[in-house]
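To keep things clear, I will list the structure first and then write my remarks on it.
The values are calculated or read from the model by the stated rules, or taken from the named source; none is laboratory data. If you're wondering where the values come from, they're calculated on a predicted model, not measured in any experiment. Using ideal geometry, Cβ is built from the backbone for each residue, glycine included, and neighbour counts are taken over all protein chains shown. Remember, those area values only see protein heavy atoms, side chains included, never the ligands or the DNA or RNA. Shrake-Rupley method; radii C 1.70, N 1.55, O 1.52, S 1.80 Å.
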Amino acid sequence: MNSNSAIATPTATPGPAAGSWVRQDLSGYRVANAMVDVLKTAGVQEIFGQSCPTAIFLAAEAVGIRQIGYRTENAGVAMADAAARVSRQISVITAQNGPAAALLVAGFAEASKASVPILAIVQEVPRANADKNAFQEIDHVALFGACAKWVRRIDVAERAAEYTERAIRIATSGRPGPVVLLVSPDVLSQSCLPTNALASQGDDALGRFPQDRMVPTRARLAKLADALLAARRPLLVAGGGIHISDACAPLARLQQIAGLPVATTNMGKGAVDESHPLSLGVIGNVMGTRSMGKHMQSYVESADLVIFVGTRTNENGTASWSLFPEGATYAQIDIDSQEVGRNYPCLRLVGDAAATLDALADLLEGRAAAVASARLDELAATFERSRQAHREELAPYAESEATPLRPERIMTEIAQSDGDIIWAADASYSSIWLVQYVRSLRAGTRFITPRGIAGLGWGVPMAIGAKIAQPQSRVICLTGDGGFAHCWAELETARRHGLPVTIVVLNNGVLGFQINAEESRFGTHTQVCHFGDFDHVAIARACGCDGMAVSDVAQLRQALEAAAVSDLPFVIDVKTDPRAFPPITAFEAQLQKVPE
């Protein structure tokens, strides 16, 4: 007897236990449609996410919002972060409840520190199953509490659009940052009335940032203007907030009107034209041999007026709060009142960077011409001598033909790339090599680096996100082999979405920063700082991408030329000197100078 015929087939009658998997009716207008309509009004063109909440993606597809599917959530949130930085438009990412949501946390911590607005729509378990140990149930409110500006659960269908709009406004106003909406599948599938189109109620359209451009009082601005006119050695330090505020043009205007020397932090890189005679380059904890900062340090340490704009005055940006002189007068411009005066007692100017710098320039226009001319006459020649000293000191490294290649030489070749380029880099040494040795020749050039909390492995997905936001620009990413190993899989993401980014891998077989940090503290380093040899080009080709392995300068030039015209993501795997490290001041004693 056929055993199958002896088995009775029960009637499939869904009961309470099957509630999570019952077919959902998404016909008509549902909560998912209401939320997506708000996103559409806010200018959202893509949602980063893999599959859940599915109702959101189906509703988004219906109105022309595309889905960017990635391989891992931690890479996806880095893509969303970079897309927001480049476009100055809120990014949206989704996650399933549980482990997928947890993988957003590190990226949200980066976005929170770097002031980047991202909306996460996180699926909850069905309401009837809450607090019963449902599949992958965790406390999402507690999970995101330390890394998001605002976390709310949508439980009422009629308020879904309201909460979505409110989340976007909170993310993009004040100091921008990530926000989270929690919503269960049973709520997303509920019927509701269509929402009316939302009118902009801020300085910029809904979804753009910053939403509101506040300025300090005229009295505070006048006090700073008078201090600028009186200062003999003023210095403005531009942080990443310049880019967030789109304040590069106002900063350039102020620099010109006031004859104002300007330096940047790592995250502020690109805020000014570094060929300007009063631009000092990047300063902070990377002012050792081979850095421009080393040769500008005497001016920084003798400044009598220091103006911080859009910077957290954090450890790296201030050389552990030791770089700037105790006797200087300080002023700080920031949208976040909690950052103003955090580490330096100062004249407080709470306001949007762009609006405040423009207002300050307005006060100085017509009053500062003589002062600006005198500063330019006095300082331009001094700064040019410092630049020449830097070029001479760097030359043995930047012109070296030795193999494995020195990173300084690699950067010299990469910097020759022309056209409209967005630069991206991984955390740790890659971002430092990039901001030290690729000059910003236009105010507003973007250098996208995860320096908020400096998470390793985010460089490549950030490059992908930048390319999504600005597909007409070329994107060149610098990463180490340690960081690249975190995100190989996203090469397939780039290929699938037609994003021909150029990825330069510094292949030195070590975790460079870890070696130097451990040697500095303990005189030795741990075994895991070394790992095996990898064929990164083979990995790229396995993902449907292209690439070239490089061991000398001629091959590097050939690879860069091939990458520039490639229609595929292109990996350049460069054999790199494992002894090399950037000019971090604290590691100066470990420097092995190359023969001149």
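For Lys113, the aspartates and glutamates whose Cα comes closer than 15 Å to its Cα, not counting residues fewer than 8 places off in the same chain, are Asp81, Glu315, Asp334, Asp336, Glu339. When Rg and Dmax are taken over the Cα atoms of the chain, they come to 26.0, 106 Å. The simple spin-label model puts a point 7 Å past each Cα toward its Cβ; for Ala538 and Lys593 those points are separated by 4.1 nm. Considering only Gly107, Gln67, Asn129, and ranking their Cα positions along the charge dipole of region 31-195 that arises from unit charges at the beta-carbon of Lys, Arg, Asp and Glu, the one farthest toward the positive end is Gly107.
Given a 1.4 Å probe and every protein chain left where it sits, what share in percent of the accessible area of the chain is carbon and sulfur? Spell out each step's value before the answer.
Working: 12470 of 24230 Å².
Ligands and nucleic acids excluded, carbon and sulfur reach 51 percent.
Quick one: net charge around Leu251, please, counting Lys, Arg +1 and Asp, Glu -1 for every other residue with C-beta under 11 Å from its C-beta. Can you show the working numbers first?
On the way: positive: Arg253; negative: Asp246, Asp273, Asp358.
Counting the neighbours of Leu251, the net charge comes to -2.
The phi-based Karplus calculation (6.51 cos²θ - 1.76 cosθ + 1.60; θ = phi - 60°) puts the 3J(HN,Hα) values of region 516-528 at 5, 5, 5, 5, 5, 8, 10, x, 7, 9, 7, 5, 6 Hz, whole numbers, x for Gly and Pro. Helix 31-41 and the longest principal axis of the Cα set of the chain meet at an angle near 30°. Helix 353-364 axis versus longest C-alpha principal axis of the chain: approximately 30°, rounded to the nearest ten. Determine the alpha carbon to alpha carbon distance for each of Lys223/Lys294; Lys294/Lys593; Lys269/Lys467 and list only those over 22 Å. Going by Cα-Cα distance, Lys223/Lys294 fall outside the 22 Å limit.
If one computes the Cα centroid of region 35-72 and of region 257-305, what distance in Å separates the two points? Cα centroid of region 35-72 versus Cα centroid of region 257-305: 42 Å apart. Normalised per residue, the accessible area of the chain is 41 Å², obtained with a 1.4 Å probe and no contribution from ligands, DNA or RNA.
The gain in end-to-end length when the Ala146 to Arg66 segment is fully stretched comes to 25.8 nm, 0.36 nm per residue minus the alpha carbon separation. Distance from the alpha carbon centroid of region 412-455 to that of region 514-580 works out to 17 angstrom.
Couplings 3J(HN,Hα) for region 209-220, derived from phi with the Karplus relation 6.51 cos²θ - 1.76 cosθ + 1.60 (θ = phi - 60°), are 9, x, 5, 10, 10, 8, 10, x, 5, 4, 5, 5 Hz, where x marks Gly and Pro.
From its DSSP helices (H runs of at least four residues, each -39,500 (n - 2.57)), the chain gives a residue-normalised ellipticity at 222 nm of -11000 deg cm²/dmol. Computed from Cα positions, the angle between helix 160-172 and the longest principal axis of the chain comes to roughly 10 degrees. Estimated at 0.36 nm per residue, the fully extended path between Ser27 and Arg342 surpasses their Cα-Cα distance by 108.1 nm. With r as the distance between the Cβ atoms of Asp212 and Thr526 and R0 = 45 Å, compute the FRET efficiency 1/(1 + (r/R0)^6) and round to 0.05. Efficiency at R0 = 45 Å is approximately 0.40.
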